[in-house]
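These notes are about the structure you will find just below.
The values are calculated or read from the model by the stated rules, or taken from the named source; none is laboratory data. What you are looking at is a predicted structure, and each value in this text was computed from that prediction instead of being measured. Quick reminder, even Gly has a Cβ in these numbers, built from the backbone with ideal geometry, and neighbours come from all protein chains shown. Surface areas here come from the heavy atoms of the whole protein model, side chains and all, with no ligands, DNA or RNA. Shrake-Rupley method; radii C 1.70, N 1.55, O 1.52, S 1.80 Å.
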Amino acid sequence: MREQTTKTGKKGSFSVFRAIGTWFLWFAVSLSALVFLSWLSAGIPKSAIRENLLESARYLLASEDLFYQMRTGDRRTEIHNYADATTLNILYSIDGKDRLEELFISPFYSDRVNTEKNVLELLPERLETEAEADTLYDRYWHGMVMVLRPLLLLFSIQGIRCVFMGALIALFVFLELLLVRKKQATAAVLLAFSAALVQLPMTAFCIEYISVVLIMLGVSIAMVYSCGSRKKILGLCIISGVCVAFFDFLTTETLAVVVPLAVVYCIWSKEGKLQSFWSEAKFLALAGISWVSAYVGSYFLKWTLASWVLGENRWTTAVESFSARQGGAVVSFALDSLVNGKLIPEAVMKTAGGTVLWQPLSAVMINIRLLLGLSGKMTLENLALLLFFAAAGVAGMIYLFRKKEAGVLPGILLVLGLLPVLRMMVLHNHSTVHCFFVYRAYMGTIFCFLMAIFEVVDWKLLQRRKRK
């Protein structure tokens, strides 16, 4: 008996070590491949992209603003040129013999002498005068530099936006066709509906932020093809975490894990492959841990490499910046009503609200208010009350018309759908200030909740009641 226990124990330990080794392999290969491709991209000489880059810089300065709204007064149509101009600035600094080291420290030109100039003014100035980089932005990987350099050989920023729009549409349509092929017509319709509510096509105009959307679509497609193997699903979670950390600023990162996993669970449910709720919850937790570990690990490695190249501690600056996003009072909760960076008249402030609600809850509400197009029309407190009664009504309908056996899927989707909400509450300061883009993370929540409702309600029973 002892011998059997010992063998089992050794086998169990071996399995754990093998799983950890597999995780590190997925992580190392993914991140190494991205760094290598970035190094290759950085080999494109500045002279080859200077003309299109200068044209882009002049266009942004002359035709758009730091926070340019395609429909004035609607922050859902806002383009964050502040981030894009900074990325283009960094892109022009990574060139030369030490380009690998430059990828780690991300230098750019900021004209420290004249701090009144904004980044849209600095970019053309930097190109016209060939000014040297004087500031570091090493908190992030700035992975979009890898994609932008080859694109700038052919296009200016307007053409690049068209390329991204084409990629977004192509990937989304392909995913929809795959779902229909997998007999997931309802999921396909609800996914398209969720994308429309958060105005997903707008992300094509935001170079710095479209990355997570493309990753979400790409990983979702890969997971549909790999849904026969749970090990592959975990591996794709690691790849997703690495890619989001490498390409994305801290905005809608939950989309890249919530939507792909929700799609996979819908397929598994249709194919009868779901286990008990707690078994699936354990797998979901493992998938989440894999994604988060890869995401955080990518940042930790970046800070370590930056510290090594510079010969100084770069962890402190990065961690302090991240910690600042977790808390801190936000003075105005009318930030979803800004027009080109400025608050509109006092009428909007009267409907701002947010002074009564717990601040993490206010962050959730301000993103919902923007999503619904109610900015400047309703206080956050009134919106919270309205949503409470709406949720109560939906809960009542579900209770009256629920299926006798709803299965495991609705519970799993409910857990997945709550993840973006929890993220907004934890990083409530950041979620409020950057609501103009963070609100798009609700695409995952909307899709999960609508699918869960569809799975729980007995629609045949509801039709019979209507006839009566």
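In table form, for the structure just shown:
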| read-out | value |
| --- | --- |
| Matching residues in region 345-370 - criterion: being open to solvent by 60 Å² or more (accessible area, probe 1.4 Å), assigned to a loop (DSSP other than H, G, I, E, B) and either more than 27 Å from Arg423 (Cβ to Cβ) or among the hydrophobic types (A, V, I, L, M, F, W, C) (or both) | Pro345, Val356, Trp358 |
| Whichever residue in region 429-439 is of a type outside the set (A, V, I, L, M, F, W, C) and under 20 Å from Val339 (Cβ atoms) and, among such residues, is surrounded by the fewest Cβ atoms within 10 Å (Cβ to Cβ) | His434 |
| Close pairs from region 16-33: first in contact (Cβ under 8 Å) with a residue 24 or more places away in the chain and open to solvent by 50 Å² or more (accessible area, probe 1.4 Å), partner in a helix (DSSP H, G or I) and among the charged types (D, E, K, R), Cβ under 9 Å, at least 6 apart | Thr22/Lys231 |
| Failed item in (1) surrounded by fewer than 20 Cβ atoms within 10 Å (Cβ to Cβ); (2) in a helix (DSSP H, G or I), with Gly228 passing the rest | (2) |
| Complete set of residues in region 259-273 that are on the phi < 0 side of the Ramachandran plot and more than 27 Å from the chain's Cα centre (by Cα) | Lys270, Glu271, Lys273 |
| Filter result (open to solvent by 10 Å² or more (accessible area, probe 1.4 Å), part of a helix (DSSP H, G or I) and in contact (Cβ under 8 Å) with a residue 12 or more places away in the chain) within region 196-210 | Leu197, Pro201, Met202, Phe205 |
| Condition met for Thr186 (touching a residue at least 60 places away in the same chain (Cβ under 8 Å), in contact with a Phe, Trp or Tyr (Cβ under 8 Å, 6 or more places away or on another chain), not aromatic (Phe, Trp, Tyr) and not in a helix (DSSP H, G or I)) | no |
| When residues of region 399-417 are limited to those that are open to solvent by less than 40 Å² (accessible area, probe 1.4 Å) and part of a helix (DSSP H, G or I), the one farthest from Lys350 (Cα to Cα) | Leu409 |
| Some residue of region 111-121 being open to solvent by less than 30 Å² (accessible area, probe 1.4 Å), part of a helix (DSSP H, G or I) and at pLDDT below 95 | yes |
| Selection count where residues are in contact (Cβ under 8 Å) with a residue 40 or more places away in the chain and of a type in the set (A, V, I, L, M), scope region 361-386 | 8 |
| Scan of region 35-47 for residues that are under 21 Å from Leu123 (Cβ atoms) and either loosely packed, with under 13 Cβ neighbours inside 10 Å or in contact with a Leu (Cβ under 6 Å, 6 or more places away or on another chain) (or both), ordered by number | Ser38, Pro45, Ser47 |
| Where Ala306 falls short, out of the listed (1) at pLDDT 90 or above; (2) in a helix (DSSP H, G or I); (3) over 17 Å from the mean Cα position of the chain (by Cα) | (1) |
| Test set (1) open to solvent by 10 Å² or more (accessible area, probe 1.4 Å); (2) touching a residue at least 12 places away in the same chain (Cβ under 8 Å) - Ser279 fails condition number | (2) |
| Any hit, region 29-47, residues being assigned to a helix (DSSP H, G or I), modelled with pLDDT under 95, farther than 30 Å from Glu128 by Cβ and polar (S, T, N, Q) | no |
| Top-ranked residue of region 235-252 - restricted to ones that are outside any helix (DSSP H, G or I) and either farther than 18 Å from Tyr299 by Cα or open to solvent by less than 10 Å² (accessible area, probe 1.4 Å) (or both), ranked as modelled with the lowest pLDDT | Asp248 |
| Meets criteria (among the β-branched types (Val, Ile, Thr), in contact (Cβ under 8 Å) with a residue 60 or more places away in the chain, part of a helix (DSSP H, G or I) and surrounded by fewer than 24 Cβ atoms within 10 Å (Cβ to Cβ)) for Ile289 | no |
| For Lys377: the one exception among (1) closer than 19 Å to Asp336 by Cβ; (2) of a type outside the set (Asp, Glu); (3) surrounded by fewer than 17 Cβ atoms within 10 Å (Cβ to Cβ); (4) at pLDDT 95 or above | (4) |
| Subset of region 309-347 [modelled with pLDDT of 70 or more and of a type in the set (D, E, K, R)] | Glu312, Arg314, Glu320, Asp336, Lys342 |
| Residue check, Met425 closer than 30 Å to Asn340 by Cα, touching a residue at least 40 places away in the same chain (Cβ under 8 Å), hydrophobic (A, V, I, L, M, F, W, C) and open to solvent by less than 10 Å² (accessible area, probe 1.4 Å) | no |
| Answer residue from region 50-107, given it is assigned to a helix (DSSP H, G or I) and acidic (Asp, Glu) and is surrounded by the most Cβ atoms within 10 Å (Cβ to Cβ) among those | Asp84 |
| Answer residue from region 309-321, given it is in a helix (DSSP H, G or I) and in contact (Cβ under 8 Å) with a residue 24 or more places away in the chain and is least open to solvent (accessible area, probe 1.4 Å) among those | Ala318 |
| Criterion (among the aromatic types (Phe, Trp, Tyr), free of Cβ contacts under 8 Å to residues at least 24 places away in the same chain, out of contact with any His (no Cβ under 6 Å at 6 or more places or on another chain) and open to solvent by 50 Å² or more (accessible area, probe 1.4 Å)) met by exactly one of Phe389, Phe454 | Phe389 |
